[in-house]
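**Student:** This is the structure I want to talk about, given as structure tokens.
The values are calculated or read from the model by the stated rules, or taken from the named source; none is laboratory data. Computed from a prediction, not measured in an experiment: that's the story for all the values here. Here Cβ is always computed from backbone atoms with ideal geometry, including for glycine, and neighbour counts include all displayed protein chains. Side chains are part of the model used for accessible areas, which takes the heavy atoms of the whole protein and leaves out ligands, DNA and RNA. Shrake-Rupley method; radii C 1.70, N 1.55, O 1.52, S 1.80 Å.
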Amino acid sequence: MAMKSILIVEDDITYSMMLKTWLGKKGFQVSSASSIARAQKHLESEGADLILSDLRLPDHDGIDLLKWLGEQELSIPLIIMTGYADIQSAVQAMKLGACDYVAKPVNPDELLKKIGEALDPAREMPRPATAHAAPHNHPTETSQPSAAPASTQGYTGSDFLEGESDAAKQLYNYVKLVAPTSMSVLINGASGTGKEYVAHRIHQLSKRAAQPFVAIDCGSIPKELAASEFFGHVKGAFTGALSDKTGAFVAANGGTIFLDEIGNLSYEVQVQLLRALQERKIRPVGSNKEIQVDVRLVSATNENLEQAIEKGTFREDLYHRINEFTLRMPQLKDRHEDILLFANFFLDQANREMDKHLIGFDEKASRALQEYHWPGNLRQMKNIVRRATLLAQGKFITLNELTDLQQAAASAPATMPLRNEEAEKQHIIDALRQTGNNKSRAAQLLGIDRKTLYNKLKLYDIEN
């Protein structure tokens, strides 16, 4: 059977490349075009078995492409990709002959299913609605957009998402480099940025993946019980030691031990930890026997350990032992492209947990999520989305459910607070110059989305 060809019409180059790579791996021959004009040229010269088109594009929109296909009498199935705010336009696209639509961020499994249905030879091509034809029915419940995450490469299970931002890509490139080695890794980052996820990922990609992964929160262990948690104890070693206890080092033997907030350990426990790491032996509290252990250490902290060394609260020799390689966690506010990915990812989790079926966030809610500064990072977002999922009455989460963000949205300044149009135009030109004419980056720098930037470029007649 000949390989089926797909044309992706999408102006977000990163997103287009991700889809292209993923669909290529699924056995399709994939081409891409970043505008309707380029798509038309490609279809005239090379054709395609299926078109996957964004709704909004710099020159025209997906509906114009549908009309053009009708005029050319080209019966190529077209699936529209659309943001949650544009569901009405997707319905209009289906009336004009689109065979289906998917909501962005796209759920890979859902997309594959829809592509399979669209390419089924038994499927009847929809006909564009004319003035006399009965309008196409609204999409059924099963064609509703999915709220699952878009990442096809970073998704490694129901509790993990890497993200698509430059900051995320750089972080996970480092993770992939260091994971197969035996180096001790220190993960440095603010609270709630996902340090334990990264530690898990290092373990999953290491040669120890089949062995245990044991995590300890050093911040929550009482100082006097830390040695027992790490190394175990024998019955009667201290008041309350009613039976033998296996410590984390023995439990993690052969695998990885993750020490979260390692900066909270007392000086005395730091000495014991250093000895265990150097000699690869531990002694349970109250025991005379030493136990040989082989563990890979991954630690995390949200404080500056160099400053702690200067103050004398953290041992310098231990610091060098745990820090053969450092990973720095980006804050959520610095991962702008990942904000809606994570919001939909957490919504998907909350839907499963609460047995709800919310589709996504409406336009105002999406904008508020992107404009908020997220001081509590991913942990804060997860909590806010779970609460909103619980409260939501309709199909979409609205600003009413995002009470923590409403205030921020109300008090936020306009995205480009400029005195006049000339100043705004200059501001845009400067941003394009700074980013080497990269429109996605320029939009980020200006605090607006790409579509708004394209509109401004047309408005002010700014050439490349």
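**Student:** Express in Å², to the nearest 10, the accessible area of Val234 obtained by rolling a 1.4 Å probe over the protein heavy atoms while all chains stay in place.
**Tutor:** 40
**Student:** Between rounded, prolate and oblate, where does the range 182-228 land on the alpha carbon gyration tensor, with a ≥ b ≥ c its root eigenvalues, rounded for a/c under 1.5, else prolate if a/b exceeds b/c?
**Tutor:** It comes out oblate by the Cα gyration axes.
**Student:** Check Arg56: other-chain or 5+ apart residues with amide H under 5 Å from its amide H, H built from backbone geometry?
**Tutor:** Gly62
**Student:** Return the long-range amide H neighbours of Val285 (sequence gap of 5 or more, or a different chain), with a cut-off of under 5 Å between placed amide H atoms.
**Tutor:** The list, which skips near neighbours in sequence, is Gly232, His233, Val234.
**Student:** Next question, about the same structure. How high is the relative contact order of the range 1-67? Use alpha-carbon pairs under 8 Å, at least six apart in sequence, and give a whole percent.
**Tutor:** Over the range 1-67, the number comes to 39 percent.
**Student:** Decide, for the range 176-261, between rounded, prolate and oblate: order the square roots of the alpha carbon gyration tensor eigenvalues as a ≥ b ≥ c, take rounded if a/c falls under 1.5, and otherwise choose prolate if a/b is larger than b/c, else oblate.
**Tutor:** Here the range 176-261 falls in the oblate category.
**Student:** Could you sort the peptides 336-343, 385-392 by per-residue average Cβ neighbour count (10 Å cutoff), highest mean leading?
**Tutor:** My ranking of the peptides, most packed first, is 336-343, 385-392.
**Student:** While we're on this one: Report the calculated FRET efficiency for Asn437 and Ala241 (r = Cβ-Cβ distance, R0 = 60 Å), to the nearest 0.05.
**Tutor:** With a Förster radius of 60 Å, E is 0.35.
**Student:** With N denoting the number of residues in the range 215-369, provide Rg(C-alpha) divided by 2.2 N^0.38 Å, to two decimal places.
**Tutor:** 1.39
**Student:** Which of the three applies to the range 251-302, rounded, prolate or oblate, going by the alpha-carbon gyration tensor with a ≥ b ≥ c and a/c under 1.5 meaning rounded?
**Tutor:** oblate
**Student:** Now a separate question. With θ set to phi - 60°, apply the Karplus curve 6.51 cos²θ - 1.76 cosθ + 1.60 along the range 355-364 and write out the HN-Hα couplings as whole Hz, x wherever there is a Gly or Pro.
**Tutor:** Per-residue couplings from phi come out as 6, 10, 9, 5, 7, x, 10, 6, 4, 5 Hz.
**Student:** For Asp54, what accessible surface area do you get with a 1.4 Å probe? Give it in Å², rounded to 10.
**Tutor:** Using a 1.4 Å probe on the heavy atoms, I get roughly 10 Å².
**Student:** Ok, one more. Of all accessible surface on the range 1-65 at a 1.4 Å probe, what whole percent is carbon and sulfur?
**Tutor:** Accessible surface attributable to carbon and sulfur in the range 1-65 totals 49 percent.
**Student:** Amide H neighbours of Ala33 under 5 Å, counting only residues 5+ apart in sequence or on other chains, H built in-plane at 1.01 Å?
**Tutor:** Ile8, Val9, Glu10
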